[in-house]
Amino acid sequence: MFAKSLLLSLLTVSVANAHFTLRYPEPLGKSAAKQDQGPCGGYTIDANTAVTEFHVDGDAVAYSSSHPEVKVLFRIIEGSSPDGANSYKGYPIVEQYGSGDFCEPTVTAPKSLVGKQGIVQVVQNAVDGMLYACAFVKFVNGVNSNLPDTCKNGTGVDADFVEDASLEALFGTSSTPSSSETTSAPSATNTPNSSSLKSFSMVAGVVGIAFAIIGGL
Ligand SMILES: [Cu+2]
């Protein structure tokens, strides 16, 4: 009984302190204390910032969320300034259901960015407002065939495609075209495909079994 209430209070504390934690690519910083501050949750890029290679034809963006329901934008920004003018939707906006680990393994970037530096920004429209995290990346060719261990989905975590005006608004209305107009072939890079949704349901299933085993102990 005591253990259970302790666990409950620990969970409550973690929900209060954390919005979400970007796990992959390596985030600029891991504290969620200023996560409501755009564009990067209170962090900036400096000489010590880790750089992750990001595959333009498909790579993972993984985070752990304390919120059971958020709308999420995976945004690709060219260059080392998070306010950079050239940005793209790395994936259609999704609504994530269920708190815990979440991974989208097929986020893409324009091929023209290969060899350049950039920022993978995750923006959530959550119950407590807009939340931000960034990773500094170098764009490389191809698909990431060696997805990180952090690319997994927690029990009951699922997602669906959704529209969100607040997240769309981050692309601006004047000079910066929306991603569907930016890429010459949006169907090739931005169209949701059923295989990626299937793959994360499969991962969720495996993780669910693992949790069931732990729960049975
Ligand atoms: Cu929050």
Do you know which residues across region 26-41 are out of contact with any Phe, Trp or Tyr (no Cβ under 6 Å at 6 or more places or on another chain) and more than 15 Å from Q124 (Cβ to Cβ)? E26, K30, S31, A33
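Which is of a type in the set (A, V, I, L, M, F, W, C), surrounded by fewer than 15 Cβ atoms within 10 Å (Cβ to Cβ) and more than 16 Å from the ligand (Cβ to nearest atom), of A33, A85, A62?
Working: A33 fails: more than 16 Å from the ligand (Cβ to nearest atom); A62 fails: surrounded by fewer than 15 Cβ atoms within 10 Å (Cβ to Cβ).
Going through A33, A85, A62 in turn, just one is of a type in the set (A, V, I, L, M, F, W, C), surrounded by fewer than 15 Cβ atoms within 10 Å (Cβ to Cβ) and more than 16 Å from the ligand (Cβ to nearest atom): A85.
Quick one: is Q96 buried (at least 21 other Cβ atoms within 10 Å of the Cβ) and polar (S, T, N, Q)? Write out each step before concluding.
Details: buried (at least 21 other Cβ atoms within 10 Å of the Cβ): yes; polar (S, T, N, Q): yes.
Judged against the criteria, Q96 is a match.
For region 1-114, which strands (runs of 3 or more DSSP E) that fit wholly inside it have 2 or more residues that are in contact with a helix residue (DSSP H, G or I) (Cβ under 7 Å, 6 or more places away or on another chain) and modelled with pLDDT of 95 or more?
Numbers: elements: 20-24, 51-55, 59-65, 69-78, 87-89, 94-97, 100-107.
Result: 69-78, 87-89, 100-107.
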Of the conditions (1) under 29 Å from D160 (Cβ atoms); (2) surrounded by 19 or more Cβ atoms within 10 Å (Cβ to Cβ), Y43 satisfies every one except a single condition; which number is it? (1)
Any residue at all in region 116-131 that is within 16 Å of the ligand (Cβ to nearest atom), outside any loop (DSSP other than H, G, I, E, B), aliphatic (A, V, I, L, M) and touching a His at 6+ places or on another chain (Cβ under 8 Å)? yes
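Let's see how each residue does on (1) within 15 Å of the ligand (Cβ to nearest atom); (2) surrounded by 21 or more Cβ atoms within 10 Å (Cβ to Cβ):
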residue	(1), (2)
V70	yes, yes
I76	no, yes
D101	no, yes
S112	no, no
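From S166, S174, S179, which residue is at pLDDT below 95 and surrounded by fewer than 17 Cβ atoms within 10 Å (Cβ to Cβ)? Even if it seems obvious, please write down each step before you answer.
Working: S166 fails: at pLDDT below 95; S179 fails: surrounded by fewer than 17 Cβ atoms within 10 Å (Cβ to Cβ).
S174 is the lone residue from the list that is at pLDDT below 95 and surrounded by fewer than 17 Cβ atoms within 10 Å (Cβ to Cβ).
Based on this model, can you work out whether Y24 counts as under 19 Å from K138 (Cα atoms), more than 15 Å from the ligand (Cβ to nearest atom), crowded, with 17+ Cβ neighbours inside 10 Å and more than 14 Å from the chain's Cα centre (by Cα)? Steps first, please.
Values: under 19 Å from K138 (Cα atoms): yes; more than 15 Å from the ligand (Cβ to nearest atom): yes; crowded, with 17+ Cβ neighbours inside 10 Å: yes; more than 14 Å from the chain's Cα centre (by Cα): no.
Considered against the rule, which asks whether it is under 19 Å from K138 (Cα atoms), more than 15 Å from the ligand (Cβ to nearest atom), crowded, with 17+ Cβ neighbours inside 10 Å and more than 14 Å from the chain's Cα centre (by Cα), Y24 comes out as no.
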Whether any residue in region 127-142 is at pLDDT below 95, of a type outside the set (G, A, S), touching a Pro at 6+ places or on another chain (Cβ under 7 Å) and surrounded by 15 or more Cβ atoms within 10 Å (Cβ to Cβ) is what I want to check. no
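The values are calculated or read from the model by the stated rules, or taken from the named source; none is laboratory data. Everything quoted here is computed from the prediction, not taken from an experiment. Note that each Cβ is placed from the backbone with ideal geometry, even for glycine, and that neighbours are counted across all protein chains shown.
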